[in-house]
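Inspection log for the structure reproduced underneath, given as structure tokens.
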Amino acid sequence: MDVVLYEFLIDVPRAAAIWSALLLLALTVLTVLVARPEREPTPAAPSPLPAGPDAAAGGPAGPEAAAGDPVGPDLADLRRYAEEVAVAAAGAAQTARRRRADWLTAQEEVETAWQAYDEAESAARRFAGAAALPLLATPHTPAEYAARERYLHRAAMAAYWRGDLSVRQLSDVFARRHGWDPRLHPVVQEAVLHRVVRDLRRADYRVAAERERVAWQDAEVAATAARSLAEEAYVAAERLRAAVRPVPVATRRMTGTVRTVTRWRPARVG
């Protein structure tokens, strides 16, 4: 009985120690399995093409050239587009300057036409007031009518050479059309002549004003087009400069390196 009790007291603690060690080992293994590392490679850069004649000459066949400045059709297209837009912008700017010069010329013509109309209007009012006054009585004889006709012809010719009458209006004077009557008193004839000149100057002013308005619209359209093309040319030039700007060597080397990122994830059961 003593021997059995002795064996029991010795073996029980030993067995408890063994089971404790086994339980601790199982917990450790389970912890490692639950939180085990996974290694996932990042997408690798495409492998460079085999070195050819361009690589030996320092061309774009090497890996640094492939990861550096863009070459080939893309860069050629960017350069060609930038050049075309620059040429178009220069032409648009020249057109805008020419349209503005035309508008300034038309504006001066409007001012000149207005001054001529204003002078003709003042003269017409002055002679209209004189014609309203009592006129000096003259004998109605053929000689008097011939003198009046000669006076009208001389006044009309002088107005024509000054540019106050057109060829058509001068022919109306000699043909006695459209209110031209050589039998009228010379004062009345002067009033009629200045009234015709005033109407002609007013028509010239309206034509000049319409021409100035059209020239101003053309200048505005040309200026807007020049600004738009200038902005587009600037953007195209910036895009081309950004395309041909050299890339740092460190960045080029990193583009061809496969980097491994280690992340901790829970273990997948099964």
**Study point:** Residue check for residue 226: assigned by TED's automatic domain parsing to the domain that holds residue 121, farther than 30 Å from residue 152 by Cα and surrounded by fewer than 19 Cβ atoms within 10 Å (Cβ to Cβ)
**Key:** no
Check your understanding: Can you name every residue in the range 76-104 that is among the polar types (S, T, N, Q) and in contact (Cβ under 8 Å) with a residue 60 or more places away in the chain?
Key -> 95
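Okay, residues lined up against (1) surrounded by 15 or more Cβ atoms within 10 Å (Cβ to Cβ); (2) acidic (Asp, Glu):
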| site | (1), (2) |
| --- | --- |
| 141 | no, no |
| 147 | no, no |
| 155 | yes, no |
| 158 | no, no |
| 162 | no, no |
| 167 | no, no |
| 172 | yes, yes |
| 175 | no, no |
| 178 | no, no |
Check your understanding: Where in the range 153-270 are the helices (runs of 4 or more DSSP H), entirely inside, with at least 2 residues that are modelled with pLDDT of 90 or more and more than 26 Å from residue 103 (Cα to Cα)?
Key -> 186-244
Point to revise | Filter result for residue 126 (touching a Lys or Arg at 6+ places or on another chain (Cβ under 8 Å) and at pLDDT below 85) | key: no
Exercise for review: With respect to residue 194, determine if the residue is in contact (Cβ under 8 Å) with a residue 24 or more places away in the chain and touching a Ser or Thr at 6+ places or on another chain (Cβ under 9 Å).
Suggested key: no
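The values are calculated or read from the model by the stated rules, or taken from the named source; none is laboratory data. For clarity, every value in this text was computed on a predicted model and none was experimentally measured. Heads up, the Cβs are rebuilt from the backbone with ideal geometry, glycines too, and the neighbour counts pull from every protein chain shown.
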